[in-house]
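In what follows, a single structure is set out as structure tokens and then discussed.
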Amino acid sequence: MPSLTAGFQVTQPTGEFKDQYDGTPLGFGAQFSVPIRLSPIEWGVGYAWNKMGGQNRDVKAFIVTDASGNRIYGDATMRIRSLMQRYTGHIRLRLTNLAVQPYADACFGVEAFRTETDLTIKESGFSTAENPNTENSDMTLYYGWAAGLRVRLAPHVFVDGRFEQQFGGKAEYVDSQTIVVNQDNTLQYDTKESLTNKYVYQLGLTVTF
């Protein structure tokens, strides 16, 4: 039967990635799998979102030009968010349809690293987020393997634990420790580059159809 899994993720950088990036990205992941006829082999796709870091900075932001042509500025908060997103495919071997179902995946995909900003301006008690901007972006390919275990909670519902080892290519990402906000609300920062190998731990629920 087709299945849909969604869960909470913890990412542990390894190798060069661990040396360059000091943190444990958290986020969520989802996988959709479809059996190949009546065989124990399945194919599927997935998506993951992990936060690499974030901070809020108090800034002055342009609000409006008054009747005299003067630019009016107000208090605002700049949100700075670094993240990685994975778009994945997998081939799965699942041998049983019992209450306990171990499985193994061969995984591959594309991973994007981005740093984004936006401004939250407070006026008359209301908050609005605007001026979204991507400050830095890079992409790389990855491959790896995963092992998981499903345990049935109810008909068509399982708790699902999964471990994945990913071997990622080189990518450039922002060094969050170096971010400086200039007076014109632009960012100044250094970047790092490394291979992006990692372990990913996921715990969630699976629904079968």
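The values are calculated or read from the model by the stated rules, or taken from the named source; none is laboratory data. All of these numbers come straight from a predicted model, not from anything done at the bench. Quick reminder, even Gly has a Cβ in these numbers, built from the backbone with ideal geometry, and neighbours come from all protein chains shown.
Values for this structure:
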quantity	calculated
Some residue of region 179-189 being at positive phi and either in contact with a Leu (Cβ under 8 Å, 6 or more places away or on another chain) or among the aliphatic types (A, V, I, L, M) (or both)	yes
Pair list, Cβ under 8 Å, 6 or more apart: region 134-146 residue farther than 13 Å from Tyr173 by Cβ, other residue basic (Lys, Arg) and surrounded by 14 or more Cβ atoms within 10 Å (Cβ to Cβ)	Tyr142/Arg86; Ala146/Arg162
Top-ranked residue in region 63-86 [being over 13 Å from Thr134 (Cα atoms) and small (Gly, Ala, Ser); ranked as modelled with the highest pLDDT]	Ala76
Answer from Ala6, Ala48 - the residue that is in contact with a Leu (Cβ under 8 Å, 6 or more places away or on another chain) and among the small types (Gly, Ala, Ser)	Ala6
Some residue of region 50-67 being touching a residue at least 40 places away in the same chain (Cβ under 8 Å), more than 30 Å from Lys122 (Cβ to Cβ) and either part of a strand (DSSP E or B) or not β-branched (Val, Ile, Thr) (or both)	no
Filtered residues of region 154-168 (kept if farther than 17 Å from Tyr201 by Cα and either part of a loop (DSSP other than H, G, I, E, B) or of a type in the set (Gly, Ala, Ser) (or both))	Ala154, Pro155, His156
Breaking point among (1) out of contact with any Lys or Arg (no Cβ under 6 Å at 6 or more places or on another chain); (2) assigned to a strand (DSSP E or B); (3) small (Gly, Ala, Ser); (4) surrounded by fewer than 20 Cβ atoms within 10 Å (Cβ to Cβ), for Ser137	(1)
